[in-house]
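A short reminder: the numbers here are calculations on the coordinates, not readings from a lab. Owing to the predicted nature of the structure, the values given are computational and were not obtained by experimental measurement. Here the Cβ positions follow ideal geometry from the backbone for every residue, glycine too, while neighbour counts run over all protein chains shown.
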Amino acid sequence: MFLSHDDVDHYGNVDVVMELCPNATLITSWFMTERLTGELNVAPTRWRWLGDGEQLDLGDRIVTALRPPLYDSPTTRGLFDHRTGVYWASDCYATPVTTGTAFVEELDPEAWASGLTVFAQWNSPWATMVDPAAYATACRRIEELPLHAIAGCHGPTIEASNLRQAHELLRAVPTAVAPPQPGQELLDQIVAAMTGAPTAA
Ligand SMILES: [Fe+2]
Ligand SMILES: [Fe+2]
């Protein structure tokens, strides 16, 4: 099992899965072990540390841990599967959807573009401060893989026909303008809808 980073939406059920799969190995890293101390109950004999850029032979395929250009935890690494050409991007290349959607091709192109941009800037707000050349290098590291598809944790899969646009959208994130996040007014509306209380004018 590959653990991309130490956010609870990614590691929340690791203990249960490892218990149900007694022969499984948890592929993670030193830094993640540090940050998850006290959170997980997995014996050190079942960990395998795989750092950024390192390869692992799984028997039927080689995988490489590669940090995506954008992320929300310093432990983050994606995983490239050399056999299928699929890159698991963790939180990167994500876009919110209103209903179950398998592939970005099914989305309205403008909704995909704005969704990817907003998710990326909100999840990695430091992107607006990056050095453009260094960021381009980080993007190229993924773009130049023999990619068949990009999958991630927060959005539909990006197939070959949409990869070029995905790369263009991600490259533009640092200079794109994202809308502000919802504030107290929205919470007031949610609470009012739940309780029937009137909202402030
Ligand atoms: Fe995350
Ligand atoms: Fe996440």
Helix axis angle, 132-143 relative to the chain longest principal axis, alpha carbon, degrees: 60 degrees
Over the chain: helical MRE at 222 nm, DSSP H runs n ≥ 4 each giving -39500 (n - 2.57), nearest 500: -10000 deg cm²/dmol
Cα-based helix-to-principal-axis angle, 109-123 vs the chain, degrees rounded to 10: 80 degrees
Long-range amide H partners of residue 58 with built H, under 5 Å: 63
Distant-in-sequence amide H partners of residue 66 (H built 1.01 Å from N, under 5 Å): 53, 78, 79, 80
Dipole-positive endmost among 70, 32, 98 within segment 1-151 (Cβ charges, Cα centre): 32
GluC sites (Glu not before Pro) lying in DSSP loop within segment 103-201, provided at most 14 other Cβ fall within 10 Å: 144
Degrees between helix 160-172 axis and first principal axis of the chain (Cα, 0 to 90, nearest 10): 70 degrees
Built amide H within the under 5 Å cut-off of residue 103, gap 5+: 157
Sparsely packed trypsin sites (Lys or Arg not before Pro) within segment 17-72, loop by DSSP, other Cβ within 10 Å at most 16: 61
³J(HN,Hα), Karplus 6.51/-1.76/1.60, whole Hz, each residue of segment 22-37, x for Gly, Pro: x, 9, 6, 10, 9, 8, 8, 8, 4, 5, 5, 4, 4, 6, 9, 4
Total charge dipole magnitude, the chain, about the Cα centre, Cβ charges on Lys, Arg, Asp, Glu only, Debye to nearest 20: 440 debye
Calculated log₁₀ intensity ratio I(q)/I(0) where the Debye formula runs over C-alpha points of the chain, q = 0.15, 0.16, 0.18 Å⁻¹: -1.00, -1.10, -1.28
